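Below you'll find the structure, written out as structure tokens, and then a few comments.
The values are calculated or read from the model by the stated rules, or taken from the named source; none is laboratory data. Just so it is clear, the structure is predicted and the values come from calculations on it, not from any experiment. FYI the Cβ positions are ideal-geometry reconstructions off the backbone, even for glycines, and counts take in every protein chain you see.
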Amino acid sequence: MTRDDMIRNLACGQYVEEGTLEIDMDAKVSECDAPTNGAYVQAWVFVDFTGTALDKKPASVGNTPCARCGHACHDCPCPKCSLDIMEPGDTMCVECDRDMIDEATATYGGKT
């Protein structure tokens with residue numbers, strides 16, 4: 001294992017977060033001269049376009065966050081409820097809506 005490999009591995013352990021910041025195993029390494037004790041390692045940083053001028057999803061898709069859990073179901077598919085979107089005008093994601101129905105059923109014995 002080369003010194004650059006060791007530096008890349010150290011950088012991965014300190015900074016990598018899947019889907020946010022990633023480092024390739026052949027990433028460039030630039031070790032600093034003394035007295036600086038470290039190195040720069042080339043990395044990939046994910047940039048989220050949501051709510052910016054670069055957003056690829058039209059505003060009408062339903063980017064409103066769920067009133068109960070705060071999750072905005074604009075990711076396709078939504079990681080919480082597995083659906084593509086919250087419909088325009090919805091106030092809760094499908095999963096929270098189901099939870100509310102289940103809670104009401106348990107509380108009121110099916111009488112809502």
* Asked: Across region 16-29, which residue is surrounded by the most Cβ atoms within 10 Å (Cβ to Cβ) among those that are of a type outside the set (Val, Ile, Thr) and more than 11 Å from VAL45 (Cα to Cα)?
  -> ALA27
* Members of region 1-15 that are acidic (Asp, Glu) and surrounded by 13 or more Cβ atoms within 10 Å (Cβ to Cβ) -> ASP4
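Is it fair to say LYS57 is modelled with pLDDT of 65 or more and over 19 Å from the mean Cα position of the chain (by Cα)? Show your work before the answer.
Details: modelled with pLDDT of 65 or more: yes; over 19 Å from the mean Cα position of the chain (by Cα): no.
When the stated conditions are applied, LYS57 does not pass them.
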